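Notes for the one structure printed next.
The values are calculated or read from the model by the stated rules, or taken from the named source; none is laboratory data. Computed from a predicted model, the values in this text were never measured in an experiment. Neighbour counts run over all protein chains shown; Cβ positions are idealised from the backbone, glycine included.
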Amino acid sequence: MQWEIVVGLEVHTQLSTKSKIFSGASTIFGALPNAQACLIDIGFPGVLPVLNRDAVERAIKFGLAVGATINPVSIFARKNYFYPDLPKGYQISQYELPVVQGGSIKIQAGHYGSEHNKNIRLTRAHLEEDAGKSLHEDFDSVTGIDFNRAGTPLLEIVSEPDMRSSSEAIAFAKTLHSLVRWIGICDGNMQEGSFRCDANVSIRRLGENTLGTRREIKNLNSFRFLQQAIDYEAQWQIDTLESGGKIQQATVLFDSSKRETRVMRNKENAQDYRYFPDPDLLPLEISQKWIEQINNSMPELPMQRSCRFMAHDTTSYADALREQFGTKPETNPDILIKQSCHMATVNDIHKIYALSAYDAAMLTADITTADYFEEVVKIVGNTHAKLCANWVVGEIITRLNQESKIIVVSLISAQQLAGLLLRIVDGTISGKTAKDVLNDMWNSMDGVTADAIIETKNLKQVSSKEEIERIIDEIFFTNPRQVSDYRNGKVKAFNFFFGQVMKATTGKANPAQVKKILAEKLIA
């Protein structure tokens with residue numbers, strides 16, 4: 001408890017463009033080695049880079065999403081260093097004038113029920129090209145180089161050292177991962193290297209303001225490895241200082257099999273890279289008109305959508321937006337909501353569901369889940385939003401997690417689920433029977449509807465008041481002692497009668513209606 005961990009992250013986000021940042025070569029993953037490396041990517045003499053407009057637009061989108069400054073002029077620089085997978089001997093990046101400066105991301109860290117909110121500041125987000133990849137497999141004591149990744153567009157997102165634990169770092173990385181997928185600038189596939197983290201870790205004594213010497217852990221491609229690497233590195237630094245040693249600035253790698261870090265090289269400083277403006281690339285000029293065009297195409301962001309899902313009315317929705325984004329109190333609620341939700345129509349902004357914070361967080365974890373939920377609600381109706389949320393979160397997402405699938409490949413479409421929930425709402429089937437129907441739908445693999453299963457298996461509830469009364473009268477007639485017991489104060493007899501009715505109808509009687517009619521008849 002004498003030490004404080006300080007963490008900052010540098011996240012390399014591969015932008016979802018069809019071609020590379022300075023060439024027309026494809027960025028599709030999985031091609032044969034060096035099949036997608038053109039002359040520009042490998043630094044052939046005499047070729048010139050041409051900037052990919054789509055990559056710039058994706059960077060601007062990110063800047064708008066995090067409330068950053070979009071620099072009207074930014075410069076591409078050459079970052080000089082030698083490594084076998086860097087074909088030109090330098091990497092085209094940005095240094096003094098990045099395209100995105102500042103901004104912040106709000107995280108929720110800690111365990112469920114004891115979370116804390118924190119604002120993590122961003123230093124910058126700059127465009128750069130990726131390097132190639134060293135291949136050590138399938139070779140006999142030599143290393144091969146695959147330049148397919150060389151020139152792939154990256155947005156490097158750099159945070160301030162604002163995180164104080166591995167759990168906060170994971171919360172930041174996950175929130176960022178969700179955001180870049182939400183706004184459509186990155187597919188977030190960590191297995192394919194589309195989202196990679198470098199963690200800068202240092203420690204200092206509690207109460208100190210000066211940062212300790214940091215060590216950078218490179219190329220962490222899973223949240224689990226990120227947490228393990230930070231925890232090991234922080235403890236190693238504490239042990240080193242407490243035993244009288246010193247921390248040397250270095251770049252380290254994380255060995256996931258041994259769960260430990262090891263030094264890769266002494267850490268370079270900016271001057272070691274000899275940055276200078278790339279003479280082959282003009283300064284990037286971004287007009288306010290371009291920024292506004294992109295801003296108008298932005299989707300409703302996760303935090304905005306979460307506020308809408310939890311709101312009870314437009315006033316509470318506007319209040320939540322003010323709290324999240326610091327808007328002036330006197331701003332008209334409808335104007336505020338329209339300004340915050342760029343693509344939302346007047347009808348969309350009034351779609352509020354009064355959900356719990358937990359449900360809203362689960363449903364806005366990614367945009368496809370939020371869209372799925374809203375499609376279900378659109379069919380079932382706003383008044384049943386809580387029922388829809390319970391089934392999307394408790395049944396669909398749970399099943400998908402168990403099968404390691406995402407909602408876009410769900411075996412049950414939003415329309416199918418809505419059809420099932422409508423049968424609960426209109427009393428055709430009970431919630432318990434609905435889960436059995438869902439199992440059949442999930443396993444059918446042919447898009448069968450709830451109505452078809454209910455009809456085929458004769459699962460409709462007995463909801464006729466006359467029919468339920470007739471069954472209850474028969475049960476009362478054959479069980480007079482239990483009727484007398486209930487009326488003499490033995491209230492547990494109620495459960496006996498309820499069970500008998502459900503048994504007589506093979507579980508098809510409407511439970512709520514059975515209880516209501518039983519209560520009326522027993523009092524009489």
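When you scan the range 181-190, do you find a residue that is assigned to a loop (DSSP other than H, G, I, E, B), crowded, with 20+ Cβ neighbours inside 10 Å and of a type in the set (D, E, K, R), even just one?
No, the range 181-190 has no match at all.
For the range 508-524, enumerate the residues that are buried (at least 16 other Cβ atoms within 10 Å of the Cβ) and within 45 Å of the chain's Cα centre (by Cα).
The answer is K508, A509, N510, Q513, V514.
For L179, only one of the following conditions fails: (1) aliphatic (A, V, I, L, M); (2) touching a helix residue (DSSP H, G or I) at 6+ places or on another chain (Cβ under 7 Å); (3) farther than 30 Å from S23 by Cα. What is its number?
Of everything listed in (1) aliphatic (A, V, I, L, M); (2) touching a helix residue (DSSP H, G or I) at 6+ places or on another chain (Cβ under 7 Å); (3) farther than 30 Å from S23 by Cα, L179 misses just condition (3).
Listed here are the residues, each with its yes/no results for (1) farther than 27 Å from Y81 by Cα; (2) surrounded by 12 or more Cβ atoms within 10 Å (Cβ to Cβ); (3) in contact (Cβ under 8 Å) with a residue 24 or more places away in the chain.
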position	(1), (2), (3)
R259	yes, yes, yes
R262	no, no, no
N269	no, no, no
Y273	no, yes, yes
F276	no, yes, yes
L284	no, yes, yes
S287	yes, no, yes
M298	yes, yes, yes
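What about G103, is it out of contact with any Pro (no Cβ under 9 Å at 6 or more places or on another chain) and on the phi > 0 side of the Ramachandran plot?
Answer is yes for this residue.
Return the pair list, or none, for Cβ contacts closer than 6 Å from residues in the range 121-143 that are closer than 21 Å to G43 by Cα to residues that are surrounded by fewer than 11 Cβ atoms within 10 Å (Cβ to Cβ) and not charged (D, E, K, R), at least 6 apart or on different chains.
T143/H136
Answer yes if at least one residue in the range 389-398 is closer than 27 Å to D187 by Cα and surrounded by fewer than 14 Cβ atoms within 10 Å (Cβ to Cβ), and no otherwise.
The answer is yes, given that some residue of the range 389-398 is closer than 27 Å to D187 by Cα and surrounded by fewer than 14 Cβ atoms within 10 Å (Cβ to Cβ).
Just give me the residues in the range 477-495 being surrounded by 15 or more Cβ atoms within 10 Å (Cβ to Cβ) and over 48 Å from the mean Cα position of the chain (by Cα), in sequence order.
N479, Q482, V483, D485, Y486, A493, listed by residue number.
Run down T251, T175, T261 and say which single residue is of a type in the set (V, I, T) and under 19 Å from E128 (Cβ atoms).
T251
Tell me whether the range 202-209 contains one or more residues that are in a strand (DSSP E or B), within 14 Å of S165 (Cα to Cα) and of a type in the set (S, T, N, Q).
Yes, the conditions are met somewhere in the range 202-209.
Identify the single condition in (1) in contact (Cβ under 8 Å) with a residue 12 or more places away in the chain; (2) not in a helix (DSSP H, G or I) that T506 does not satisfy, given that it satisfies every other one.
With respect to (1) in contact (Cβ under 8 Å) with a residue 12 or more places away in the chain; (2) not in a helix (DSSP H, G or I), T506 is out only on (1).
Considering each residue of the range 136-165, count those that are surrounded by fewer than 22 Cβ atoms within 10 Å (Cβ to Cβ) and either in a helix (DSSP H, G or I) or hydrophobic (A, V, I, L, M, F, W, C) (or both), and give that number.
4
Is there a residue in the range 453-470 that is under 21 Å from H384 (Cα atoms) and either under 24 Å from the mean Cα position of the chain (by Cα) or among the basic types (K, R) (or both)?
Yes, because at least one residue in the range 453-470 is under 21 Å from H384 (Cα atoms) and either under 24 Å from the mean Cα position of the chain (by Cα) or among the basic types (K, R) (or both).
Check every one of the helices (runs of 4 or more DSSP H) wholly within the range 370-459 and list those with 1 or more residues that are more than 25 Å from E300 (Cα to Cα).
398-402, 414-425, 431-444, 450-456
Rundown of residues vs (1) within 29 Å of the chain's Cα centre (by Cα); (2) over 25 Å from A55 (Cα atoms); (3) not in a loop (DSSP other than H, G, I, E, B); (4) not assigned by TED's automatic domain parsing to the domain that holds N52, yes/no style:
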{"site": "Q227", "(1), (2), (3), (4)": "yes, yes, yes, no"}
{"site": "I230", "(1), (2), (3), (4)": "yes, yes, yes, no"}
{"site": "Q237", "(1), (2), (3), (4)": "no, yes, yes, no"}
{"site": "L241", "(1), (2), (3), (4)": "no, yes, yes, no"}
{"site": "G245", "(1), (2), (3), (4)": "no, yes, no, no"}
{"site": "S257", "(1), (2), (3), (4)": "yes, yes, no, no"}
{"site": "R265", "(1), (2), (3), (4)": "no, yes, yes, no"}
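Within the range 414-435, count every residue that is surrounded by fewer than 15 Cβ atoms within 10 Å (Cβ to Cβ) and either without any contact (Cβ under 8 Å) to a residue 40 or more places away in the chain or touching a strand residue (DSSP E or B) at 6+ places or on another chain (Cβ under 6 Å) (or both).
Qualifying residue count, the range 414-435: 2.
Starting from the range 43-59, keep only residues that are in contact (Cβ under 8 Å) with a residue 12 or more places away in the chain, then list their pairs with residues that are aromatic (F, W, Y) and not in a helix (DSSP H, G or I) whose Cβ atoms are within a distance under 8 Å, requiring at least 6 positions of separation or different chains.
Listed by first residue and then by second, the contacts come to P49/F22; V50/F22; L51/F22; L51/F76; N52/F22.
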